[in-house]
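Presented below is the structure to which this report refers.
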Amino acid sequence: MDRFALRVWAAAAVTVATLVAAALPARAQISAQDLSDRVGIDQRLNDLVPLDASFVDEKGKAVKIGDYLGNKKPILLVLIYYKCPSLCNRILNATLEAIQPIKYTVGKEFDIVCVSIDPRETPDVANRKKQSYVRSYGREGSANGWHFLTGTESEIQRLAAATGYRYAYDPKFDIYAHGAGIMLVTPEGHLAQYFLGIEYSPRDLELAITQASEERIGSLVDDIILYCFIWDPSTGKYSLQILRVVQLGAILTVLVLGIGIVRMVRKEKRNPMLPPGPRTDDPSGEKKNA
């Protein structure tokens with residue numbers, strides 16, 4: 001590696017170090033908050049959901065998670081709460097956008113089971129939320145396959161623990177901090193696939209429904225989106241964690257520079273610079289006789 005390449009690499013290292021150092025105070029402030037560490041989604045593929053977990057549907061009827069399984073149809077499991085001021089609606093809207101263009105219909109090839117993580121919510125609240133989304137979905141018969149449940153704190157926690165869904169109540173803002181994502185469960189009750197974040201690919205979802213209906217388990221998905229998306233208890237909102245964004249950007253910068261340097265060195269080895277030719281004039285400016 002020549003001197004120029006070394007200078008470029010050194011400059012990149014200094015830049016990265018400066019950016020990370022500048023972001024350290026933000027990280028220290030966030031890591032001091034307990035809620036941030038208690039919120040997230042751990043993918044537990046192939047684990048069995050508690051089929052006997054008891055809830056109440058939007059009509060006030062006592063039901064169990066297993067009631068929606070065993071009929072050769074997978075379910076899309078969505079843990080949210082219905083009076084959530086922001087993120088839950090984005091998750092539901094993203095779910096709606098993902099299921100609208102696919103060939104499968106809610107209530108026919110698969111069901112959707114939404115479960116509130118707030119034990120204070122009632123079937124009446126759940127029913128209003130259901131009517132809104134069933135109307136927006138617009139496919140005939142979908143009301144029979146889209147369920148909005150409420151339940152006790154113990155049953156909610158039981159289901160959440162089994163699915164790797166970690167959440168926490170923030171009494172300061174009277175809000176639940178939680179991860180962003182939905183889960184696909186096979187007809188026999190096994191966790192088949194996770195979709196993380198607030199945007200889900202219709203194509204991937206359709207394929208996952210096909211596989212889950214055959215009791216096939218998917219693979220772990222990249223949680224890079226959630227890596228930067230955290231709950232900030234100082235504001236009661238979700239926000240980007242600046243240090244993590246800087247870290248990711250720094251890593252990408254170093255990788256790009258590294259690839260560029262390697263290519264440059266290889267090019268120099270293939271096309272070495274020729275040494276300078278002999279001088280034809282005298283430094284003194286006087287011409288020499290041949």
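Neighbouring Cβ atoms within 10 Å as the yardstick, rank 186, 152 fewest first. Going from sparsest to densest Cβ surroundings: 152, 186. Each Lys and Arg contributes +1 and each Asp and Glu -1, all at the Cβ; summed about the Cα centre of the range 40-221, the dipole is approximately 360 debye. In order along the range 39-52, the Karplus-derived 3J(HN,Hα) couplings, from 6.51 cos²θ - 1.76 cosθ + 1.60 at θ = phi - 60°, round to 10, x, 10, 9, 6, 10, 4, 6, 5, 8, 6, x, 5, 9 Hz, and Gly and Pro are given as x. Prolate is the label for the range 94-201, because the ratio a/c of its alpha-carbon gyration tensor axes (a ≥ b ≥ c) is 1.5 or higher and a/b is greater than b/c. Legend: ranking of residues 148, 173 from fewest to most surrounding C-beta atoms inside 10 Å; resulting order 173, 148. Shape class of the range 40-221 from the Cα gyration tensor (axes a ≥ b ≥ c, square roots of the eigenvalues): rounded, since a/c falls below 1.5. Taking amide H positions as modeled 1.01 Å from N, with prolines and chain starts lacking one, the residues under 5 Å from residue 181 and 5 or more places away or on another chain are 197. Rounded to whole Å, give me the distance from the Cα center of the range 71-112 to that of the range 172-224. With the range 71-112 and the range 172-224 each reduced to a Cα centre, they are spaced 10 Å. By the count of neighbouring beta-carbon atoms within 10 Å, fewest first, 147, 190 end up ordered 190, 147. Using C-alpha pairs under 8 Å with a sequence gap of at least 6, the mean separation divided by the residue count of the range 40-221 gives a relative contact order of 34 percent. Considering only 122, 80, 49, and ranking their Cα positions along the charge dipole of the range 40-221 that arises from unit charges at the beta-carbon of Lys, Arg, Asp and Glu, the one farthest toward the positive end is 122.
Rounded to the nearest whole Hz, the Karplus-based 3J(HN,Hα) values (6.51 cos²θ - 1.76 cosθ + 1.60, θ = phi - 60°) of the range 118-124 follow the sequence 9, x, 7, 6, 10, x, 5, with x at glycine and proline. Across the range 87-98, rounded Karplus estimates of 3J(HN,Hα) from the backbone phi angles (6.51 cos²θ - 1.76 cosθ + 1.60, θ = phi - 60°) give 4, 4, 5, 5, 5, 5, 5, 5, 5, 4, 5, 6 Hz, Gly and Pro being marked x.
Read the figures in this text as sums done on the coordinates, not as results from a lab. None of these values were measured; they are calculated from a predicted model. Here Cβ is always computed from backbone atoms with ideal geometry, including for glycine, and neighbour counts include all displayed protein chains.
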